[in-house]
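The values are calculated or read from the model by the stated rules, or taken from the named source; none is laboratory data. Just so we're clear, the structure is a prediction, and the values are computed from it rather than from any experiment. Counting neighbours? That spans all protein chains shown, and the Cβs are built from the backbone with ideal geometry, glycine included. All accessible areas refer to the heavy atoms of the entire protein, side chains included, with ligands and DNA or RNA removed. Shrake-Rupley method; radii C 1.70, N 1.55, O 1.52, S 1.80 Å.
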Amino acid sequence: MADKKAQLIIEGAAPIDLPVYSGTLGPDVVDVRGLTGEGYFTFDPGFMATSSCESKITYIDGDKGILLHRGYPIEQLAEKADFLETCYLLLNGELPTDAEKAEFVSTINNHTMVHEQLKNFFNGFRRDAHPMAIMCGVVGALSAFYHDSLDINDHKHRQISAIRLIAKMPTLAAMVYKYSLGQPLMYPRNDLSYSENFLHMMFNSPCEEKKVNPVLAKAMDRIFVLHADHEQNASTSTVRLTGSSGANPFACIAAGIAALWGPAHGGANEAVLNMLDEIGDVSNIEKYLAKAKDKNDPFKLMGFGHRVYKNFDPRAKVMKQTCDEVLAELGINDPQLELAMKLEEIARNDPYFKERNLYPNVDFYSGIILKAIGIPTSIFTVIFATGRTPGWIAHWNEMISGPYKIGRPRQLYTGPTQRDYPTNK
Ligand code: SDX
């Protein structure tokens with residue numbers, strides 16, 4: 001039911017009435033679906049002002065730097081909830097009771113192993129294959145092992161697929177790392193928490209099982225929480241669009257992983273560390289800021305700027321606090337952190353960045369913590385994908401469990417008008 005009306009007046013044409021809807025938070029939306037019948041399309045490359053769907057999962061106020069998951073501020077979830085609790089919240093809309101959480105954790109624990117034959121897929125990759133290339137392949141391939149539960153119209157099939165994906169992503173992520181080292185792939189353990197289990201599979205081996213440092217496990221869990229969801233970002237929109245064709249959830253998440261890989265999106269965390277390596281020293285900061293401001297130079301300040309946040313990304317603030325805690329706990333004095341902080345200070349006081357409201361985003365400090373935990377730069381975006389899996393699934397499930405249409409944008413065509421094939425050819 002429309003809350004208000006808009007009227008589109010196009011020269012030489014009768015006014016077109018368009019319904020306007022209000023959400024619980026955020027800007028009103030103009031329903032433009034009726035324009036097709038009036039012979040018009042909207043035009044919005046990059047979807048700067050386009051709502052692709054109605055959603056109840058996550059809300060972002062970019063001007064105020066607010067991020068809510070099912071109404072709960074990210075700062076509170078990062079401090080008080082763990083990752084599996086956040087997963088439950090995203091999937092079900094409410095925080096779990098103690099009993100619900102215990103059951104959810106147990107269910108996840110019992111789905112962390114992957115089919116033994118999936119290991120064979122790794123052997124087709126070079127040892128130095130980019131970990132995201134492998135993740136795209138093996139996550140899509142998971143659907144080949146679950147023909148019994150791929151009916152997307154069956155709520156129970158959607159539920160078990162969600163559990164399998166959340167449970168298996170850390171196992172696959174650790175397998176990718178171990179494969180790159182030529183070390184034996186580690187099995188998950190049901191007696192460890194989600195993030196402890198991940199670090200166990202990453203850094204233990206059949207020859208030696210060291211106890212996972214609880215500070216690192218807590219930091220890892222918080223990093224997963226900070227990446228869990230983020231509204232209709234590029235990879236989540238990819239998952240929704242893929243899901244709108246009726247593709248199975250494993251294929252949809254593999255599509256999301258592929259979209260996340262780009263350096264403008266989830267690949268930025270890896271790009272930030274590479275950028276800090278390239279800058280090398282505080283004395284080079286001004287030179288690189290000049291490159292970032294030069295329209296003829298493709299260099300951008302990785303980890304800075306955001307389509308929605310025109311204020312501090314609230315996740316970046318929590319990430320920086322976590323960074324300080326982890327480095328202090330480990331007694332690490334990381335020169336790259338010093339360089340990153342100086343870069344942030346200088347950039348934040350530079351008119352170019354101030355005028356464009358360019359602030360550090362979630363990726364600016366995450367790499368420094370991941371490096372301190374011992375995770376190699378090439379695995380950073382795999383960590384992002386693991387954390388974002390519950391968000392991708394929650395959006396996919398929200399779409400599939402209600403009425404939806406296949407996503408099929410239109411275009412402004414400016415190519416050749418109709419012409420005939422030359423008779424003299
Ligand atoms: C993520 O959408 C999400 O929610 C994503 C995410 C999530 O959780 O899913 O938050 C995760 O992807 C975070 C962003 C990670 N990417 C980076 O850190 C890469 C560096 N950032 C830029 O590529 C850029 O800021 C984007 C891609 C993030 C946003 O690009 P927009 O919204 O299209 O903004 P824009 O490119 O139109 O920028 C506006 C202006 C431009 O200058 P003018 O044309 O106005 O002169 O700001 C400039 C841009 O050139 N600009 C930058 C810049 N970011 C924007 N200039 C230098 N360095 C930068 N980082």
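If you fit an axis through the alpha-carbon atoms of helix 83-92 and take the longest principal axis of the Cα set of the chain, what angle between them do you get, 0 to 90°, nearest 10?
Approximately 30 degrees, to the nearest 10.
So for each of 213-226, 411-424 I average, over its residues, the number of other beta carbons within 10 Å; can you give me the resulting order with the highest mean first? Can you show the working numbers first?
Working: 213-226: 22.3, 411-424: 5.7.
For the peptides 213-226, 411-424, the packing ranking is 213-226, 411-424.
Between region 125-199 and region 281-329, what is the separation of their alpha carbon centroids in Å?
31 Å
Could you pull out every residue, at least 5 positions away or on a different chain, whose amide H is within less than 5 Å of the one on Phe304? Hs are placed 1.01 Å off N in the peptide plane, and Pro or chain starts have none.
Answer set, sorted by chain and number: Asn361.
Given a 1.4 angstrom probe, I'd like the percentage of the accessible area of the chain that is carbon and sulfur, rounded to a whole number. If you can, show how the numbers build up before the last one.
Values: 11220 of 21210 Å².
Carbon with sulfur: 53 percent of the solvent-accessible area.
What are the trypsin sites (Lys or Arg not before Pro) within region 52-82 that DSSP puts in a loop, where the Cβ has at most 14 other Cβ atoms within 10 Å? Show your work: numbers first, answer last.
Values: sites: Lys56, Lys64, Arg70, Lys80; in loops: Lys56, Lys64, Arg70.
Passing both the DSSP loop test and the Cβ count: Lys56, Lys64.
Relative to the first principal axis of the alpha-carbon coordinates of the chain, what is the inclination of helix 363-373, with its axis defined by its Cα atoms, in degrees from 0 to 90 and to the nearest 10?
20 degrees
Report the local net charge at Asp191: Lys and Arg +1, Asp and Glu -1, summed over other residues whose C-beta lies under 14 Å from its C-beta. Please report the intermediate quantities before stating the final value.
Values: positive: Arg189, Lys211; negative: Glu196, Glu209.
Residues near Asp191 contribute 0 overall.
Loop-only check: which trypsin sites (Lys or Arg not before Pro) in region 109-146 are DSSP coil with at most 10 other Cβ within 10 angstrom? Intermediate results must be reported in sequence, preceding the final value.
Working: sites: Lys119, Arg126, Arg127; in loops: Arg126, Arg127.
Filter output for region 109-146: Arg126, Arg127.
Give me the angle, in degrees from 0 to 90, between the Cα long axis of helix 380-400 and the longest principal axis of the Cα atoms of the chain, rounded to the nearest 10.
50 degrees
With θ set to phi - 60° and the Karplus curve 6.51 cos²θ - 1.76 cosθ + 1.60, what are the ³J(HN,Hα) couplings of region 149-164 in order, to the nearest whole Hz, using x for Gly and Pro?
Values per residue, Gly and Pro as x: 9, 10, 7, 5, 8, 9, 3, 5, 5, 5, 5, 5, 5, 4, 4, 4 Hz.
Below 18 Å, Cα to Cα, which aspartates and glutamates can Lys295 reach? Residues fewer than 8 away in the same chain don't count.
Cross-link targets: Glu286, Asp350, Glu355.
Mind telling me which of Gln159, Gln76, Gln232 comes out most flexible in a GNM of the chain, alpha-carbon contacts under 10 Å?
Evaluated over the chain, the most mobile residue of the options is Gln76.
Might you tell me the accessible area per residue for the chain, computed with a 1.4 Å probe and given in Å²? Mind showing how you got there, number by number?
On the way: 21210 Å² over 425 residues.
Computed with neighbouring chains in place, this is 50 Å² per residue.
Run lengths n ≥ 4 of DSSP H only: what is the helix-derived mean residue ellipticity at 222 nm for the chain, with -39500 (n - 2.57) per run over all residues, to the nearest 500? The partial results should precede the final answer.
Details: 17 runs with 205 residues, N = 425.
Calculated mean residue ellipticity at 222 nm is -15000 deg cm²/dmol.
Need one value: the accessible area of Asp63 in square angstrom, 1.4 angstrom probe, rounded to the nearest 10.
110 Å²
Please find, in a Gaussian network model of the chain (springs between Cα atoms separated by less than 10 Å), the residue of Glu75, Glu11, Glu208 whose mean-square fluctuation is greatest.
Of Glu75, Glu11, Glu208, the Gaussian network model singles out Glu11 as fluctuating most.
Using square roots of five times the C-alpha gyration tensor eigenvalues, list the equivalent-ellipsoid semi-axes of the chain in whole Å, biggest first. Spell out each step's value before the answer.
Working: eigenvalues 264, 166, 109 Å².
The answer is 36, 29, 23 Å, longest axis first.
Tell me the GluC sites (Glu not before Pro) within region 82-111 that lie in a loop according to DSSP and have at most 16 other beta-carbon atoms within 10 Å.
Working: sites: Glu85, Glu94, Glu100, Glu103; in loops: Glu94.
Those that pass, being in a loop and sparsely packed, are Glu94.
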